[in-house]
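This report concerns only the one structure given below.
The values are calculated or read from the model by the stated rules, or taken from the named source; none is laboratory data. All of these numbers come straight from a predicted model, not from anything done at the bench. Here the Cβ positions follow ideal geometry from the backbone for every residue, glycine too, while neighbour counts run over all protein chains shown. Just so you know, the surface numbers come from the protein's heavy atoms only, side chains and all, with ligands and any DNA or RNA stripped out. Shrake-Rupley method; radii C 1.70, N 1.55, O 1.52, S 1.80 Å.
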Amino acid sequence: MSYVFYPGCSLDGTAKDFYSSTSAVAAKVGLEMPEMEGWICCGSTAAHNSDPLLADALPAFNLQKAAGKTVAVACASCYSRLKMANHHIASDPVVRQRVAAATGAHYDGATPVLHLLEILGRQMEADVEAAVVRPLSGLKVACYYGCLLSRPPEVTQFDDAEDPTLMDRLLETAGATVVDWPHKTECCGASFSITDPEIILDLSDRILEMARLAGADCIATACPLCELNLDMRQKDIAAKRGHRYDLPVFYFTQLLGIAMGAAPKDLSLGSLFVDPHPLLRSKGLDPDKQPRVAEVTR
Amino acid sequence: MTPVTETLPATGAAAAQAGGAAPQSAAVTVEIFEVGGGLAAEVRAASGASPMACYQCTKCSSGCPVAARADLMPHELVRLVQTGQRGSALGNRFIWECTSCHTCVTRCPQQVDIPAMNDALREIGRREGVAAKGTAVPVFNEIFLETVRKRGRIHEISLMASFKLRTRRLLDDMDKAPAMFSKGKLPLLGERVGEKAKREQIFRKAVAAAAAQAGDAKGTSGQQGGSR
Ligand code: SF4
Ligand code: SF4
C-alpha cells in the first residue's frame, strides 16, 4: 500500500514531538509516507460544531489530494474528521453534491484513511517486531485511546469500540507490560483545552487516577489533545484538586522509538511536561545512553 | 407552547352502580402538550439524528463524561427535544459542555446520535440567539474557522491570543503559553498555504448552504427525514 501523510495543525505546533517521533518510527520500520502537499486544516471540532457542510468540505478538499494513495494520519482528531466526512459523502448523495459544489471538484468519499496504529499494528507488525532493539522491559504502560479513534465504530472501523487493543499489542511487541484498565476510551475533555479548562481537569483527573490505580508507570497516547490534557494539566490538577500524579504521558511513537533505538532528538522527550527521564532511567531505558549489546541481541 | 386542556370524567361510578366496590376517583383536568414534530424534525433534517427513537433507558447518561457536572443529562435533553420544549432544549449549558465523545451513541440501543443532535441544537440556538450565556465555545469556533479561512492552517499562538482578547480572559491559564513555548510547542510563525481563493469559495458556499437550510427548516418543520 502506498501512503501520503496528513499531519494536521497540531503536529505542526503543540505536537511537534508527535511528528518527529512518528517520522523516526516510520524510518525505522521502512514506512514511506511523504507529507501531503498543500494540506489545510480539517476543521476539527469547530467546523462540526457550527457548520455541517464545512465539516465535510474541508476534509474532502484534503482527501482529494491523496490521488489514489492511502492517507496516513497520526492525530486522532484529524482521523475522526476525515473518516466522518468520508462516511457522510459516501453514504449521502445530497451531501456529496453539496461538497462538490463547495470544493469545485467531485469527490466520492472513497479515499482510504488509516491511523498510524492501524498501519503499524495491522500491516507492519513483523517490521515493528524486527525493529525493536531495546525492549521496554519492566515498563508498565496504560494504553489510552481516547474517544476519537474507536468511536463511532461504524464510521472509524478502528478496533473494538469499548476495548481496543491495537496499541496494547504494539507496545507489547516493543517489550512493555500493558496494564488492564477500564479507562482506555474515556474522554479527557479534548477540545475544551482553551474554552473551559475546568472540564479538562475533571475528566483528566479521573483518567490519571485510574491509570495509577491500575499500577501503570506511565500512559501512552495517540492524540495531541489527549497528550496535552493528561500531561500539561497534571500541574493544575495537583494545584486545584490536590491530586498529584507525576505520571509521564508519552505519545506511543515515543515509546516505540525508544524501543527501536531512535535518536533522542527525534524522540523529543524534553518537550513533555512531566519529565519521563527518572522513570526511564529506573528501568534502564535512558534514551541518551546507547543500549548495551546484550539488549541489542535479545 | 400552549397546552390543550381536557377534563377526564370521574371513574368507578358505573361499577359502584352495579354493586361492585371499584375505587372511585374524581374528575381530573389535564393539560395535554403536543408531543414531537417541530424541533425533533428540525434536528433530524440538520443532523440525521433521530431523537424520536429514544425510549429513555438512560444508558447514554450513565456513560456521559459531563452528565454529572452539566445542568442536564443527555437522556433528559433528548426528551426535551421529543416534546418540543424549545427554550430548554436550545438554551441549556449541557449542549456547550458535550465533548462529542460519542460514548452515548455507541452504547445507545436505539442509535440516537446525541452528539450530532447537539451540533444541530447549537447551530439552531446560535441562529435564534437563544444559546446559553457564559459559554465561550461559539467565539472560539468562530475565531478558529476564521483562521482556517484566512491562513489554511491553525497557528496556535495567534488562535489563543485572539480568543483571549475577544473573551477578555487575559489572565486564565497565563502560565501555559510560556511553558509550551519553552518546550518548543508554540512556533511563533505559522505556515500559510496556497489556494486561498478555493478556501474562500468553500466558506462562502457553506455560509450560503447554512442560510438555505435555516430557511428550509422554518418552512418544513414537522416534516420528517431529510439530509444533513
Ligand atoms: S441510550 Fe438511547 S434510548 Fe437510551 S435514553 Fe439514551 S438516547 Fe434514549
Ligand atoms: S457525546 Fe456528548 S452527550 Fe454523548 S456521552 Fe459524550 S459528552 Fe455526553
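A few remarks follow.
- Of the residues making up region B:94-111, those that are more than 7 Å from every other protein chain (Cβ to nearest Cβ), buried (at least 24 other Cβ atoms within 10 Å of the Cβ) and more than 7 Å from ligand 2 (Cβ to nearest atom) number 1.
- Being away from ligand 2 (no atom under 16 Å from the Cβ) and among the hydroxyl-bearing types (Ser, Thr, Tyr) is a condition met by at least one residue of region B:129-150.
- Taken over region A:112-129, the criterion of being open to solvent by 20 Å² or more (accessible area, probe 1.4 Å) and in a helix (DSSP H, G or I) is satisfied by A:Arg122, A:Gln123, A:Glu125, A:Ala126, A:Asp127, A:Glu129.
- Residues (aliphatic (A, V, I, L, M), in a helix (DSSP H, G or I) and crowded, with 24+ Cβ neighbours inside 10 Å) located in region A:210-227: A:Ala211, A:Leu225
- Number of positions in region B:76-119 that are at positive phi and within 12 Å of ligand 1 (Cβ to nearest atom): 1
- Top-ranked residue in region B:49-75 [being away from ligand 1 (no atom under 14 Å from the Cβ) and within 15 Å of the chain's Cα centre (by Cα); ranked as modelled with the highest pLDDT]: B:Val66
- Candidates in region A:20-63 are the residues that are more than 11 Å from every other protein chain (Cβ to nearest Cβ) and open to solvent by 20 Å² or more (accessible area, probe 1.4 Å); of these, the one that is nearest to B:Asp119 (Cα to Cα) is A:Glu35.
- Failed criterion for A:Leu139 (all others in (1) farther than 13 Å from B:Thr103 by Cα; (2) open to solvent by less than 10 Å² (accessible area, probe 1.4 Å); (3) in contact with a His (Cβ under 6 Å, 6 or more places away or on another chain) hold): (3)
- Note on region A:172-204: residues that are of a type in the set (D, E, K, R) and at the interface with chain B (Cβ under 10 Å from one of its Cβ atoms) amount to 4.
- Test: residue in region B:76-83 that is more than 11 Å from the chain's Cα centre (by Cα), closer than 27 Å to A:Val95 by Cα and free of Cβ contacts under 8 Å to residues at least 24 places away in the same chain: no
- Residue, nearest to the other protein chains (Cβ to nearest Cβ), within region B:114-128, restricted to residues that are among the charged types (D, E, K, R) and either within 9 Å of ligand 2 (Cβ to nearest atom) or over 30 Å from A:Gln157 (Cβ atoms) (or both): B:Arg126
- Scanning region B:11-34 for residues that are surrounded by fewer than 11 Cβ atoms within 10 Å (Cβ to Cβ), modelled with pLDDT under 75 and out of contact with any Pro (no Cβ under 9 Å at 6 or more places or on another chain) returns B:Ala14, B:Gln17, B:Ala18, B:Gly19, B:Gly20, B:Ala21, B:Pro23.
- Residue match in region B:60-67 (condition: more than 13 Å from ligand 2 (Cβ to nearest atom), of a type outside the set (A, V, I, L, M) and either in contact with a strand residue (DSSP E or B) (Cβ under 7 Å, 6 or more places away or on another chain) or assigned by TED's automatic domain parsing to the domain that holds B:Ala10 (or both)): no
- When A:Arg233, A:Arg281 are checked against the criterion of being farther than 13 Å from A:Asp17 by Cβ and touching a Ser or Thr at 6+ places or on another chain (Cβ under 8 Å), a single residue qualifies: A:Arg233.
- Residues that are buried (at least 24 other Cβ atoms within 10 Å of the Cβ) and of a type in the set (Lys, Arg), drawn from region A:228-261: A:Arg233
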